[in-house]
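As structure tokens, the structure follows; a few thoughts come after it.
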């Protein structure tokens with residue numbers, strides 16, 4: 001059987017160093033916001049070509065705290081893609097603002113800049129763009145709109161550690177939000193997240209917000225949160241960060257096997273020389289998705305769907321977002337994620353391609 005993911009196998013290369021780090025952690029007496037968090041923050045900021053990094057407890061918290069830290073007028077409009085994971089939209093609502101959903105491009109699955117420009121009004125204060133599946137958005141066009149309309153740009157980089165647009169890395173523009181959920185290319189052994197930015201004032205505010213609004217013990221300047229990257233996860237992330245380029249290159253190599261061998265009846269991701277994709281997810285589309293998934297499962301290949309239900313159709317967002325989003329519907333109805341983990345090898349992917357190419361679906 002070819003599993004979709006196996007975290008034990010994917011992380012096995014790091015087990016010895018993880019165990020050593022854990023033993024060292026047990027001897028320490030600082031479990032929260034210690035030197036290892038600071039060390040990882042410096043390392044990850046450097047990796048992203050950002051000036052500052054603030055470690056937090058999760059990717060959702062990274063988004064929520066970032067919006068909160070920007071101190072936008074209450075109930076501002078923040079533009080988000082209609083096909084993102086629901087966390088992106090939840091963060092906007094949790095921070096007291098209004099999500100304005102904009103359709104993606106059908107070929108890249110990232111926000112359609114032409115449609116985005118039509119949605120900007122006097123209430124719009126920020127663009128929250130999502131680098132979905134490991135491909136960055138068109139940051140040149142987004143930057144032009146942001147400058148023209150005096151908007152902040154928040155990158156949801158949860159699936160794009162190390163991805164590039166014209167040699168600029170995700171998280172290096174205005175504000176970047178990362179998740180280190182275990183399945184990510186840079187995954188922790190639990191929940192964790194981080195925010196990158198270029199402003200020391202914003203970094204300082206974020207550090208206060210993550211710690212009850214306090215920089216000095218028992219002195220609270222803001223109504224903050226309890227969202228701190230812990231010392232143990234920071235140690236694990238520092239270990240894995242040293243290999244993130246190897247992880248990304250491994251996944252890019254597996255993706256190239258799909259591109260070279262998978263039948264063209266499957267709609268594959270688009271490639272563009274301006275984009276360095278890191279393939280957190282290798283998604284294809286097919287109008288008989290559920291039959292394809294069953295065929296693959298019957299032949300020992302496990303898959304996932306990212307994501308089966310568009311956010312605007314979720315019960316949690318009923319009466320909070322409106323409109324109809326046919327492109328998002330089409331993507332969510334036809335997308336399927338194929339195995340592409342650090343735990344897989346080339347023969348696994350060749351086998352998936354062979355099985356898929358032998359499918360007699362007509």
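The values are calculated or read from the model by the stated rules, or taken from the named source; none is laboratory data. The structure presented is a predicted model; accordingly, all values stated were derived computationally and were not measured. Cβ: placed from backbone, ideal geometry, glycine included. Neighbour counts: every protein chain shown.
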**OP:** Would you mind stating whether residue 250 is out of contact with any helix residue (DSSP H, G or I) (no Cβ under 7 Å at 6 or more places or on another chain) and under 28 Å from residue 9 (Cα atoms)?
**Re:** yes
Subject >> Enumeration of residues in region 59-77 that are part of a loop (DSSP other than H, G, I, E, B) and either touching a strand residue (DSSP E or B) at 6+ places or on another chain (Cβ under 8 Å) or not assigned by TED's automatic domain parsing to the domain that holds residue 90 (or both) >> reply: 70, 72, 73, 75, 76
**OP:** Write out, first by first residue and then by second, each pair whose Cβ atoms fall under 8 Å of each other, whose residues are 6+ apart or on separate chains, and whose first residue, in region 128-139, is surrounded by fewer than 24 Cβ atoms within 10 Å (Cβ to Cβ) while the second is part of a helix (DSSP H, G or I).
**Re:** 138/113
Original post:
Only one residue in 121, 108 is over 16 Å from the mean Cα position of the chain (by Cα), part of a loop (DSSP other than H, G, I, E, B) and within 21 Å of residue 324 (Cα to Cα), so which one is that?
Top reply: 121
**OP:** Filter region 313-346 for residues that are surrounded by fewer than 18 Cβ atoms within 10 Å (Cβ to Cβ), in contact with a strand residue (DSSP E or B) (Cβ under 9 Å, 6 or more places away or on another chain) and not in a helix (DSSP H, G or I) and give the result.
**Re:** 320, 322, 323
Original post:
Across region 297-314, what is the total count of residues that are closer than 16 Å to residue 4 by Cα and either in contact with a helix residue (DSSP H, G or I) (Cβ under 8 Å, 6 or more places away or on another chain) or touching a residue at least 24 places away in the same chain (Cβ under 8 Å) (or both)?
Top reply: 9
**OP:** Identify the residue in region 294-311 that is outside any loop (DSSP other than H, G, I, E, B) and touching a strand residue (DSSP E or B) at 6+ places or on another chain (Cβ under 6 Å) and, among all such residues, is nearest to residue 109 (Cα to Cα).
**Re:** 304
Original post:
Can you name the residue in region 1-33 that is more than 30 Å from residue 345 (Cα to Cα), surrounded by fewer than 17 Cβ atoms within 10 Å (Cβ to Cβ) and out of contact with any strand residue (DSSP E or B) (no Cβ under 9 Å at 6 or more places or on another chain) and is also modelled with the lowest pLDDT among such residues?
Top reply: 29
Subject >> Enumeration of residues in region 84-93 that are out of contact with any helix residue (DSSP H, G or I) (no Cβ under 7 Å at 6 or more places or on another chain) and part of a loop (DSSP other than H, G, I, E, B) >> reply: 85
Subject >> Subset of region 58-83 [within 19 Å of residue 180 (Cβ to Cβ) and touching a helix residue (DSSP H, G or I) at 6+ places or on another chain (Cβ under 6 Å)] >> reply: 60, 63, 64, 65
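Results for (1) under 23 Å from residue 163 (Cβ atoms); (2) surrounded by 21 or more Cβ atoms within 10 Å (Cβ to Cβ), shown as yes or no for each residue.
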site	(1), (2)
185	yes, yes
191	yes, no
195	yes, yes
206	yes, yes
225	no, no
245	yes, no
**OP:** Answer yes or no as to whether residue 30 is in contact (Cβ under 8 Å) with a residue 60 or more places away in the chain, at negative phi and either in contact with a helix residue (DSSP H, G or I) (Cβ under 9 Å, 6 or more places away or on another chain) or not assigned by TED's automatic domain parsing to the domain that holds residue 345 (or both).
**Re:** yes
Original post:
Among the listed residues 96, 55, which satisfies the condition of being part of a loop (DSSP other than H, G, I, E, B) and either farther than 25 Å from residue 240 by Cβ or in contact with a helix residue (DSSP H, G or I) (Cβ under 7 Å, 6 or more places away or on another chain) (or both)?
Top reply: 96
Subject >> strands (runs of 3 or more DSSP E) enclosed by region 133-249 - at least 3 residues per element that are closer than 21 Å to residue 45 by Cβ >> reply: 152-156, 175-179, 193-197
**OP:** Could you please let me know if residue 258 is farther than 30 Å from residue 352 by Cβ and either in contact with a strand residue (DSSP E or B) (Cβ under 7 Å, 6 or more places away or on another chain) or touching a residue at least 24 places away in the same chain (Cβ under 8 Å) (or both)?
**Re:** no
